[in-house]
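Only one structure is covered here, and it is reproduced in the block below.
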Amino acid sequence: MEFNIREAKKSDMDAVHRLIQELAVFEKEADAVEVTVNDLVAHGFGDNPLFHCFIGESEGDVVGMALVYNRYSTWKGPVVHLEDLIVTEKMRGSGLGSALLAEVVKYANDLGVRRICWEVLDWNEPAITFYEAKGAKVLRDWDVVQMDEKGIEAFLQQTKN
């Protein structure tokens, strides 16, 4: 199946949101998506965009995406974080994931960063195999740490005392 890769536009954010929801279902977190289409438009296309997004299209439909943003590493300096690389089930194995990752790598290289980083679930062996085949290192001795809104509020309450 043929596809093309391009930079996302505001009008793509509805399709991007659908892909994000599809990923959440795949990752067994169907109810976890809080971001809205309006959030994506506001955060990605304002005066100071918080992310950059590439779209994979086939036959006029958005069938994949890669969303990245800039970070700073105290060890490396500027880095790019790949938040999500999503390919619809019907397009897996078509080369679209490789093409999206290649676009991310070119983008990061053009920015002059020293690293691209992302997370992958430890049970998603097809993704791990894919990333390792592309030359990425999967650091299995690191744990992802997050503090959600409830955790932030609880922390702030603790520090008030």
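Quick note: the coordinates plus some simple rules give every number you see, no bench work behind them. Keep in mind that what you see is a predicted model, and the values were worked out from it rather than measured. Positions of Cβ are generated from backbone atoms using ideal geometry, with glycine treated the same way; all protein chains shown enter the neighbour counts.
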*Report the local net charge at residue 58: Lys and Arg +1, Asp and Glu -1, summed over other residues whose C-beta lies under 10 Å from its C-beta.*
-3
*Report the local net charge at residue 25: Lys and Arg +1, Asp and Glu -1, summed over other residues whose C-beta lies under 13 Å from its C-beta.*
-3
*Going by C-beta contacts inside 10 Å, put 149, 22 in order with the fewest on the left.*
149, 22
*Environment charge at residue 155 (Cβ cut-off 13 Å; Lys +1, Arg +1, Asp -1, Glu -1)*: -1
*Among 10, 28, rank each residue by its count of other Cβ atoms within 10 Å, from fewest to most, as a rough exposure measure.*
28, 10
*residue 134: which lysines have alpha carbons under 22 Å from its alpha carbon, excluding same-chain residues fewer than 8 sequence positions away?*
76, 90, 106
_Between segment 1-26 and segment 92-154, the alpha-carbon center distance in angstrom_ = 17
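Which helices pass in the chain if a helix is a full DSSP H run, must span at least 18 angstrom along its long axis by Cα, and must have mean Kyte-Doolittle hydropathy not below -1.0?
Working: long enough: 13-26 (19 Å, 0.76); 96-111 (23 Å, 0.76).
Helix filter hits for the chain: 13-26, 96-111.
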*At a Cα cut-off below 16 Å, give the lysines reachable from residue 160, other chains included and same-chain residues fewer than 8 away excluded.*
150
_Fewest-first sequence of 110, 61, 141 by Cβ atoms within 10 Å of each Cβ_ = 141, 110, 61
